[in-house]
Amino acid sequence: MDICDKIAAVAKSHGASHVHAIPFKDKNALVMVFQANPGLDLSELDSITERIAKDIRRKGFFARALSTKDWEGVSLRALAESAGIGFIGKSGLLITEIHGPRVRLSCIVTDANVLNGQFKRVENSCEGCSACVVSCPVGALAKRDAELCKEFTQRMEKARCTICIDVCPYSR
Ligand code: SF4
Ligand code: SF4
């Protein structure tokens, strides 16, 4: 098992379902996909990511977990798309092959060589579908206006709008 496989195994042992890396500044960004579930809130995700980073450091490498409170200017969705983990759909969400848009992402910057050339990229295939765009109750996707989405979800108070996730064929 090379170091790339070993680190992927560490991430998977902590619940990541998909791991891939791309070059990032002078290091590599290890992007991890977790299946979204009600128990996996952002603080839990941060603590899992930190545990994985700690395990990588134990192997002798530099590893810094990015916090969900501060992505340091990094768009994780864009990073994951560049890494070939999924594609950013018309909903603006990352659509993955295994969990569709029902994912949480996290990232560790590391100097370990975690690049894996064997990876099969997920190509953009919203083609022929606009289900999320037509189903959005406030037209936020059609108007490309994130504020409309934000205002609507704030009005929902405790509930969270998941319509654009629910109608996506990749959610099934
Ligand atoms: S979360 Fe709801 S309001 Fe926001 S874009 Fe999706 S469907 Fe529209
Ligand atoms: S609902 Fe259709 S258009 Fe929207 S992200 Fe999913 S596949 Fe793409």
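The values are calculated or read from the model by the stated rules, or taken from the named source; none is laboratory data. What you see is a predicted model; the values in this text were computed from it and never measured. Using ideal geometry, Cβ is built from the backbone for each residue, glycine included, and neighbour counts are taken over all protein chains shown.
Brief remarks follow.
- Take the conditions (1) in a loop (DSSP other than H, G, I, E, B); (2) surrounded by 14 or more Cβ atoms within 10 Å (Cβ to Cβ); VAL133 misses just one of them, which is (1).
- Positions within segment 135-172 being of a type in the set (D, E, K, R) and at pLDDT 90 or above, in sequence order: LYS143, ARG144, ASP145, GLU147, LYS150, GLU151, ASP166
- Test: residue in segment 55-65 that is under 21 Å from PHE34 (Cβ atoms), under 21 Å from the mean Cα position of the chain (by Cα) and within 16 Å of ligand 1 (Cβ to nearest atom): no
- Some residue of segment 87-102 being within 30 Å of ASP26 (Cβ to Cβ), modelled with pLDDT of 95 or more and of a type in the set (Phe, Trp, Tyr): no
- Residue within segment 96-104 that is within 15 Å of ligand 2 (Cβ to nearest atom) and touching a Cys at 6+ places or on another chain (Cβ under 7 Å) present: yes
- Counting only strands (runs of 3 or more DSSP E) that sit wholly inside segment 15-130, those with at least 1 residues that are among the basic types (Lys, Arg) are 27-35, 63-65, 103-110.
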